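In what follows, a single structure is set out as structure tokens and then discussed.
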Amino acid sequence: MYSPKPLLLVEFLSDFFRQNYPVLAVVFCLLSSTTVVGQTGIVLQGTVTDSLTNETLIGASVYFPDLGIGDITNLEGRYRIENIPPNIHTVQVSYIGYITKTVELDLRNEGTTQLDIVLQSSVVEGEEIFVLAQAAGQIAAIKEQLESNTIVNVVSKERLSELPDQNAAESVARLPGVSVQRDAGEAAKVVVRGLSPRFNSITVNGVRVPGTEDDRSVDLSLLPSDVLDGIQVFKALTPDMDADAVGGTVNLQVKKAPNGFRSSGSFEYGYNDIREEFGEYKGSLNSSNRYLDDKFGILLSGSIQRANRSSLLYDLDPEFNQMDSTINDIENLNFTDNFQIRDRYGGSASFDYVLNENNNIYLTSLFGKTDRDEQRFRKRYRVGNSRTEYDARDRQRYELLYSNILGGEHSFGYLKLDWLTSYSYTLAKQTYGNYARFLELGAYNDDLDNTNVQDVVDKAWNNLSSTYFQYGTNETFRNTESDFTSGLDVQLDFELNANVSGFFKAGSKYRDKYK
């Protein structure tokens, strides 16, 4: 079928590059021969799934050995191969950890042929071994890392569910080259390749999440890992990614509902040994299904958690003897008792509708909130200044994040369009914050061995009648940040011959930020 618009476009580009770059003109002339004709020949499409779980396989290879053409399944496990010459062909379907399947097809009639492939896990018989743990979904994550054209590490949903992580930051910290900054012993902000968290980008399905702090960084401790479908960490950028991350990009995934009804839940109850009390718990529930002949999919996830992050801290500031590194004098000695309860809530939802085999739209939402109730009591022995300080702090605060993304994926032969619009919002608010310091002067006399910790504690007067109120503060704050994003990507595929193919891709993005 003749298509005049692609021809005019190719002729224009061909003339332009012929005048400026004679070598590239040859490439565009060859490209014009493929774009003028449009979609011809026979089309083979379908899905590749696991025989036991019925889950779609991402990155499976569907290949014609006699033609040298093929395709890789996408995030939904689908593949599509066009312009197949009419004949009887052999198709090979392979995937890491699965038995390769070979199918012979009669493709002598014009049109589209549907071929859904089911693969079985491969079994290698050998010596007896003991398997302690294995996440089936991690196979797909490893495959994604191998197939990627950049440096990426992936944690699958199955891997997240088997780890005792309190939040998303704890899960990211398990990847190589990634560390975290901790708050009350719990992972909070991600450090990639040693760079500060403010140099990293946090995204949800590729859309930037606004910062939760003044320095642009995102506190991931407010998101439970149970509501995520996987985590990707990109340590090198490709041209179709935002270039505002010096360290790396952490992408939190919320995927579409797979085929069939699926539901799972878990609940844990715990005991805090420091406080000698019960009351910690963690629960999650996930459910998904597809309706209207598998065209409309719904996926819902929820999580609730209570964690006791209380602690006892002890530190001293000694002056050492430079000759033998023994303590000459103890300048400061601090004892701190922290009470901290964190309540964490999270949820995610995904809705998608398949218009036809080449067009679909989707809506995803992610929500996370952490409530913090903290009290800190601290006694500080200022030996060098002969005084004792008593500190008390009580504060209540919370942080929340939500992200909503509406997008679509469309394919028109050689042309592919991806679009999205999103709104993301973060809030950090301290509703109550009270701090007070009391001071006792002349807390020590000359009869003190200030090289001994026990003597420093025992010889303090601890005379509360001589202790006075020094100062106090009452502080509240409210920090918000929101992002509105809209973007469009256009991809034009080309095929020079049976062995050489590729695509041109361009896009635009608009982002409005309020802080």
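The values are calculated or read from the model by the stated rules, or taken from the named source; none is laboratory data. Everything numeric here is computed off the predicted structure, so don't read it as measured data. Please note: Cβ atoms are built from the backbone with ideal geometry, for glycine as well, and neighbour counts cover all protein chains shown. In case anyone asks, the SASA skips ligands and DNA or RNA and just uses the protein heavy atoms, side chains included. Shrake-Rupley method; radii C 1.70, N 1.55, O 1.52, S 1.80 Å.
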Total formal charge among the other residues, if their Cβ is under 15 angstrom from that of Gly111, Lys/Arg +1 and Asp/Glu -1: -2
Give the ranking of His410, His89 by solvent-accessible surface, highest area first, calculated with a 1.4 Å probe. His410, His89
Highest first, please rank the peptides 502-511, 217-226, 91-100 by the mean number of other Cβ atoms sitting within 10 Å of their residues. 217-226, 91-100, 502-511
Sort 420-430, 63-73 by the packing proxy (mean of other Cβ within 10 Å over each peptide's residues), most packed first. 420-430, 63-73
Add +1 for every Lys or Arg and -1 for every Asp or Glu among the other residues with Cβ under 11 Å from the Cβ of Asp371, and state the total. +3
Using θ = phi - 60° and the Karplus relation 6.51 cos²θ - 1.76 cosθ + 1.60, list the HN-Hα couplings for segment 375-385 in order, rounded to whole Hz, with x at every Gly or Pro. 10, 10, 10, 9, 10, 10, 8, 8, 5, x, 9
In whole percent, how big is the carbon plus sulfur part of the accessible area of segment 425-515, probe 1.4 Å, protein atoms only? 50 percent
Can you grab the distance from the C-alpha centre of segment 70-118 to the C-alpha centre of segment 381-425, Å, no decimals? 43 Å
Tally Lys/Arg at +1 and Asp/Glu at -1 over every other residue whose Cβ is under 14 Å from the Cβ of Pro210; what's the total? -4
